[in-house]
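Here is the structure we will look at.
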Amino acid sequence: MWDRLLVDCRVATMEAAPGNPLGVIEDGAVGIQDGRIVRVGVRTELAGNRARDVFALGGAWVTPGLIDCHTHLIFGGNRADEHAMRQAGASYEDIAKAGGGIASTVRQTREASEAGLLASAAMRLDALMKGGVTTVEIKSGYGLAVESELRLLRCAKALAASEAVRIVPTLLALHALPEDWKERRIGYVSMIVDELIPAAAEAGLADAVDAFCEGIAFTPEEVERLFEAAEDHGLRVKLHAEQLSNQHGAALAAKHRALSADHLEHLDEAGAKAMAEAGTVAVLLPGAFYALQEERKPPVQMLRDHGVRMAVATDCNPGTSPLLSPTLAMNMACTLFGLTPDEALAGMTVNAAKALGLEDEIEAIAPGKAADLCVWRLESLAELGYWIGLPGPERRLYAGDDT
Ligand code: NIG
Ligand code: FE
């Protein structure tokens, strides 16, 4: 006897087949036991099985739960003031150079109590979950010192324990050079490499290490030192690359078999090729492109031509992407970057799972995978990338439980 059986639904398994890129099963059924999918197929194939709860879904769509594979969800305060400054003509770089930007959030985060950080992050997390998110990656990066970075990772762990969502913690170790280290760049990177990475790895607080490779942040050489240290401690790597300029960060990330390279507005062909060869996922972040009113788009056609997998994420953060809706990220990926609605859905499911190295757990609706599912009362799945401000799924199952 299974725990649950979903019937009278159309299932987008996300297991691509020829002529069926989303692996759609019309008149499908999904069996769930102990938080995992045990069987999926056409209803008649599952007809002999019984379950404690049977959900007849009246023709609704079932997709994997959405995966937001790039966020900076935990921080103190907000930066609505900088939003106003940008409307008055200041650029993100101008604001950062004047001591605002990431440095401003670092100050607000260091001042915040742990309870305050958790409460504000939980509100944002709740919005993402209502939008259909069942897995969310959370980066540190607003502490920029050993103890304050570890504190953010511990907050992520606390949220994982209290909320019905899978949280994947990333140590964003090189995000910005803190004011008090301005004259000691090398020393700062050494502190991160020699103290923070070992401490985070030892405590099991991070799955991967990230950095911001940019003119206003860290050089490729500094990032490479970080990547080598991460590898020494058994941590995967990923990178904020080619957001504002081409630093050849994507190729560097690929050289280190990064899970993903993210943003990529200024990616060149050599970078795309290297990513394809390494299996590094391109994480597209239209919320940041929109909020910064950028003009240069990531080279989506080039990524397709080279067979680089594309994921889509909110990049939820106080500075460049105060975006709290996964389906709005999908809509923006279509409208601003030219993704097809199918690509946008793959970008928040199967490809996002790969960007987190979690393909075995959550990349599809298939036997053995976690029963993280969304039920959408829509006529077609293309509507997920079409509505601007879709309220969220009718039902959201996390590890088999209705949440
Ligand atoms: O993903 N690019 C760097 N990090 C964030 C922005 C963080 C901030 O401005 O607070 C991003 O866009
Ligand atoms: Fe980011």
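The values are calculated or read from the model by the stated rules, or taken from the named source; none is laboratory data. Treat the numbers as computed from the prediction; the structure is a model and nothing was measured. Here the Cβ is made from the backbone with ideal geometry for all residues, glycine too, and neighbour counts use every protein chain on show. Just the protein is used for accessible areas: all its heavy atoms, side chains included, with ligands, DNA and RNA removed. Shrake-Rupley method; radii C 1.70, N 1.55, O 1.52, S 1.80 Å.
Just a few scattered comments:
- Members of the range 161-187 that are closer than 30 Å to Thr403 by Cα, of a type outside the set (Asp, Glu) and assigned to a loop (DSSP other than H, G, I, E, B): Ala164, Val165
- Check on Val300, under 12 Å from the mean Cα position of the chain (by Cα), among the β-branched types (Val, Ile, Thr) and more than 12 Å from ligand 2 (Cβ to nearest atom): no
- Taking the range 81-104 as the range and being in contact (Cβ under 8 Å) with a residue 60 or more places away in the chain and of a type in the set (A, V, I, L, M, F, W, C) as the test, the residues that pass are Ala96, Ile102, Ala103.
- Any hit, the range 173-187, residues being farther than 23 Å from Lys97 by Cβ, crowded, with 24+ Cβ neighbours inside 10 Å, within 20 Å of the chain's Cα centre (by Cα) and within 16 Å of ligand 2 (Cβ to nearest atom): no
- Qualifying residue in the range 146-157 (condition: more than 25 Å from Leu324 (Cα to Cα) and surrounded by fewer than 20 Cβ atoms within 10 Å (Cβ to Cβ)): yes
- In the range 303-323, residue most open to solvent (accessible area, probe 1.4 Å) [restricted to those that are more than 15 Å from ligand 2 (Cβ to nearest atom) and assigned to a loop (DSSP other than H, G, I, E, B)]: Arg309
- Members of the range 230-253 that are more than 14 Å from ligand 1 (Cβ to nearest atom) and open to solvent by 10 Å² or more (accessible area, probe 1.4 Å): Glu231, Asp232, His233, Gly234, Leu235, Arg236, Asn246, His248, Ala251, Leu252
- Residues in the range 54-77 that are more than 16 Å from the chain's Cα centre (by Cα) and within 16 Å of ligand 2 (Cβ to nearest atom): Phe75 alone.
- Screening the candidates Ala164, Ala211, Ala160 for the property of being without any contact (Cβ under 8 Å) to a residue 24 or more places away in the chain and in contact with a Lys or Arg (Cβ under 9 Å, 6 or more places away or on another chain) yields one hit, Ala160.
- Some residue of the range 284-292 being open to solvent by less than 10 Å² (accessible area, probe 1.4 Å), in contact with an Asp or Glu (Cβ under 9 Å, 6 or more places away or on another chain), more than 16 Å from ligand 1 (Cβ to nearest atom) and assigned to a helix (DSSP H, G or I): no
- Among the criteria (1) within 16 Å of ligand 1 (Cβ to nearest atom); (2) out of contact with any strand residue (DSSP E or B) (no Cβ under 6 Å at 6 or more places or on another chain); (3) open to solvent by less than 60 Å² (accessible area, probe 1.4 Å); (4) modelled with pLDDT of 95 or more, the one Leu73 does not fulfil is (2).
- Count - residues of the range 1-35 that are of a type in the set (Val, Ile, Thr), closer than 16 Å to Arg396 by Cα and in a strand (DSSP E or B): 4
- Residue selected from the range 384-400 under the condition touching a strand residue (DSSP E or B) at 6+ places or on another chain (Cβ under 9 Å) and open to solvent by 30 Å² or more (accessible area, probe 1.4 Å), by the criterion farthest from Asn331 (Cα to Cα): Ala399
- Residue count, the range 78-115 (criterion: within 21 Å of Pro178 (Cβ to Cβ), open to solvent by 20 Å² or more (accessible area, probe 1.4 Å) and in a helix (DSSP H, G or I)): 12
- Ala272 vs. criteria open to solvent by 10 Å² or more (accessible area, probe 1.4 Å), more than 16 Å from ligand 2 (Cβ to nearest atom) and without any contact (Cβ under 8 Å) to a residue 40 or more places away in the chain: no
- On the stretch given as the range 1-15, residues that are among the hydroxyl-bearing types (Ser, Thr, Tyr) and surrounded by fewer than 19 Cβ atoms within 10 Å (Cβ to Cβ) total 0.
- Leading residue by the ranking (nearest to Arg36 (Cα to Cα)) among those in the range 338-366 that are out of contact with any Asp or Glu (no Cβ under 9 Å at 6 or more places or on another chain) and assigned to a helix (DSSP H, G or I): Asp360
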